[in-house]
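This report refers to the structure that appears directly beneath it.
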Amino acid sequence: MSACGHCILSHGFESGPDAAKVTALAEVAERLGWSHERPDYTDLDARRDVSRFGDVAARLARLQTLAQDAAARGPVVLAGSSLGAWISGRVSLQVPVAGMFLMAPPVRMGEAPPLEAAAVPVSVVHGWGDELIPAADVVAWASARRAALLLVDDGHRLAAHVEASAEAFARLLAAL
């Protein structure tokens, strides 16, 4: 745990801990003096027989354990992309966090409960052209929470806006 705190960076479904976005966020955290970790959920995502999103309950449990351990040592920021954003929001209701950074957050996800998050500083990056999650839904979600929101001309993976996402993450960490 660094003097600033600890960031837990959760990748999306069928992605991995070395994905471009979470790697860029890890570099930002390190540069700003935050420790960080990138949990690997690929083993859980491979469990397609559980649901079409892998084993979501096991993802939640894994993140909650990591977040509880980190919160016992100091401030925690949860960050995630897509399913990683959804589980970050859910875990923030169980573990005290200083802030949250959500990329392409699924505000509604099939039979799962809608996205919820603790009343902490939240920053969101979402693509206008997201083919899975309508931008208008994310705008409404962010508006209700007065979250910082960056809308970009991109799709669900935000592949053309990795650097813009990293800059938005830096602004959140600097504000904490």
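Rule-based calculations on the coordinates, nothing more; no lab input. This structure is a prediction, so every number in the text was calculated from the model and none was measured. Cβ placement follows ideal geometry from the backbone for every residue including glycine, while neighbour counts extend to all protein chains displayed.
Classify the chain from the C-alpha gyration tensor, please: rounded if a/c falls under 1.5, else prolate or oblate depending on whether a/b exceeds b/c.
Note, shape of the chain comes out rounded.
If amide hydrogens are placed 1.01 Å from N in the peptide plane, which non-local residues have theirs closer than 5 Å to the one on Leu149?
Val124
With a 10 Å radius around each residue's Cβ, average the other Cβ atoms per peptide and rank 128-140, 85-97, 146-158, highest first.
Sorting 128-140, 85-97, 146-158 by mean packing, highest first, produces 85-97, 146-158, 128-140.
Helix-only estimate, please: 222 nm mean residue ellipticity of the chain, summing -39500 (n - 2.57) across DSSP H runs of length 4 or more and dividing by its residues, to the nearest 500.
-11500 deg cm²/dmol
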